[in-house]
1. Looking for something in contact with a Ser or Thr (Cβ under 9 Å, 6 or more places away or on another chain) and within 24 Å of VAL205 (Cβ to Cβ) - is there at least one such residue anywhere in segment 33-47?
2. So, in segment 9-21, exactly how many residues are open to solvent by 30 Å² or more (accessible area, probe 1.4 Å) and in contact (Cβ under 8 Å) with a residue 24 or more places away in the chain?
3. Would you kindly identify the helices (runs of 4 or more DSSP H) lying entirely within segment 124-215 that contain at least 1 residues that are touching a residue at least 24 places away in the same chain (Cβ under 8 Å) and closer than 24 Å to ARG236 by Cβ?
4. If I filter segment 110-121 for residues that are part of a loop (DSSP other than H, G, I, E, B) and either among the polar types (S, T, N, Q) or in contact (Cβ under 8 Å) with a residue 24 or more places away in the chain (or both), do I get at least one hit?
5. Working carefully through the options ARG175, ARG136, ARG202, find the one that is within 29 Å of ARG227 (Cβ to Cβ), open to solvent by 40 Å² or more (accessible area, probe 1.4 Å) and over 13 Å from the mean Cα position of the chain (by Cα).
6. Would you confirm whether any residue within segment 84-104 is open to solvent by 30 Å² or more (accessible area, probe 1.4 Å), outside any strand (DSSP E or B) and hydrophobic (A, V, I, L, M, F, W, C)?
7. Can you pull out the residues in segment 238-267 that are assigned to a loop (DSSP other than H, G, I, E, B), within 12 Å of the ligand (Cβ to nearest atom) and either in contact with a strand residue (DSSP E or B) (Cβ under 8 Å, 6 or more places away or on another chain) or without any contact (Cβ under 8 Å) to a residue 24 or more places away in the chain (or both)?
8. Kindly indicate whether ALA10 is assigned to a helix (DSSP H, G or I), under 30 Å from ASN164 (Cβ atoms), at pLDDT 95 or above and not assigned by TED's automatic domain parsing to the domain that holds LYS208.
Amino acid sequence: MPEGHTVHRAARDHDGDFAGQRVLVSSPQGRFPAEELVDADGRAHLERVEAYGKHLFYVFEGERVVHVHLGLFGKFFRRRTPAPASRSSTRLRLEGEAMTLELVGPTACELVSVEDMRAITARLGPDPLREDANPRRFYAYVARAKAPIGAILMDQSRICGVGNVYRAEVLHLLRVHPETPGKALPKATLRAMWRLTAGLLRRGVEEKRIVTTRGLTLAKPRERVPRHDSTHVYRRRWCRTCEGPVSTYTLRARTVHYCDACQPLEAAAE
Ligand SMILES: [Zn+2]
């Protein structure tokens with residue numbers, strides 16, 4: 001499952017590729033109703049592309065919107081125009097002046113209205129990658145929540161864009177045990193959690209991968225952090241901070257990685 005940085009990066013790239021153009025829209029697989037969107041020449045004017053959490057919105061002229069959620073298996077293929085013929089599984093193909101985009105295997109790819117788009121985003125928590133995000137909604141919910149913070153961080157209706165890797169790393173960097181009830185967390189920790197999450201996600205958008213080590217920005221541009229050194233606890237056997245063993249357990253069907261020594265549960269009560 002892509003985390004928020006992947007989706008925001010896609011929005012930025014696709015906006016650069018297609019915004020302001022009359023784009024040739026088709027569905028080689030036939031499961032997207034392209035004919036409802038396009039004019040007689042098979043084209044429609046794309047105004048902008050934006051991301052909210054893990055959702056993408058391609059806003060076309062006339063307040064028509066293509067809503068995309070990649071889900072577990074969705075993938076984009078981005079090529080220079082003229083691109084080779086589409087694979088038959090392509091749900092949506094956008095052909096612009098310089099670039100061609102193909103979308104395969106998404107959970108959602110539907111034509112909706114601007115009102116539908118607003119209804120979808122209204123169900124989502126604030127997205128730290130959006131300038132209009134309001135973290136107070138997140139703080140207010142967590143301050144009352146009995147649920148473990150490890151579950152809240154993955155709940156897209158509370159905060160958007162955090163997946164398993166960012167969850168593990170943010171909690172580790174703040175020395176918070178994933179089972180800590182939301183309401184046990186001090187306000188200062190919540191504010192730090194929001195800022196850190198936003199910073200790490202932004203770094204992910206720039207670098208197109210998740211690296212949580214070596215600060216929020218790379219000292220040397222283009223420095224390639226090796227995969228085994230890109231996280232502190234996520235998918236590691238040994239904690240990068242204390243070199244103790246990394247613990248795992250299953251929380252709401254997803255594996256949580258954390259370090260018992262660096263993130264003791266009792267610390268939450270302090
Ligand atoms: Zn540790």
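1. no
2. Let us first name the residues in segment 9-21 that are open to solvent by 30 Å² or more (accessible area, probe 1.4 Å), namely 9, 12, 15-16, 19-20.
Now drop any that are not in contact (Cβ under 8 Å) with a residue 24 or more places away in the chain, which leaves 9, 12, 15, 19-20.
Number of matching residues: 5.
3. Details: elements: 135-144, 149-152, 164-173, 187-207.
Passing ranges, in order: 149-152, 164-173, 187-207.
4. Applying the first criterion (part of a loop (DSSP other than H, G, I, E, B)) to segment 110-121 yields none.
The answer is no; no qualifying residue exists.
5. Working: ARG136 fails: within 29 Å of ARG227 (Cβ to Cβ); ARG202 fails: over 13 Å from the mean Cα position of the chain (by Cα).
One residue alone meets the criteria, ARG175.
6. Yes, there is a match, as at least one residue in segment 84-104 is open to solvent by 30 Å² or more (accessible area, probe 1.4 Å), outside any strand (DSSP E or B) and hydrophobic (A, V, I, L, M, F, W, C).
7. If we filter segment 238-267 for residues that are assigned to a loop (DSSP other than H, G, I, E, B), which is where we start, we get 239-244, 246, 252-253, 259-264.
So of that shortlist, the ones also within 12 Å of the ligand (Cβ to nearest atom) come out as 239-244, 246, 259-264.
Answer for segment 238-267, where residues must be assigned to a loop (DSSP other than H, G, I, E, B), within 12 Å of the ligand (Cβ to nearest atom) and either in contact with a strand residue (DSSP E or B) (Cβ under 8 Å, 6 or more places away or on another chain) or without any contact (Cβ under 8 Å) to a residue 24 or more places away in the chain (or both): CYS239, CYS242, GLU243, GLY244, VAL246, CYS259, ASP260, ALA261.
8. Details: assigned to a helix (DSSP H, G or I): yes; under 30 Å from ASN164 (Cβ atoms): yes; at pLDDT 95 or above: yes; not assigned by TED's automatic domain parsing to the domain that holds LYS208: yes.
So ALA10 fits the description; yes.
The values are calculated or read from the model by the stated rules, or taken from the named source; none is laboratory data. Please read these numbers as outputs of a predicted model, since none were measured by experiment. Reconstructed Cβ throughout: ideal geometry from the backbone, glycine too, with neighbour counts over all protein chains shown. Protein only, heavy atoms only, side chains kept; ligands, DNA and RNA dropped before computing areas. Shrake-Rupley method; radii C 1.70, N 1.55, O 1.52, S 1.80 Å.
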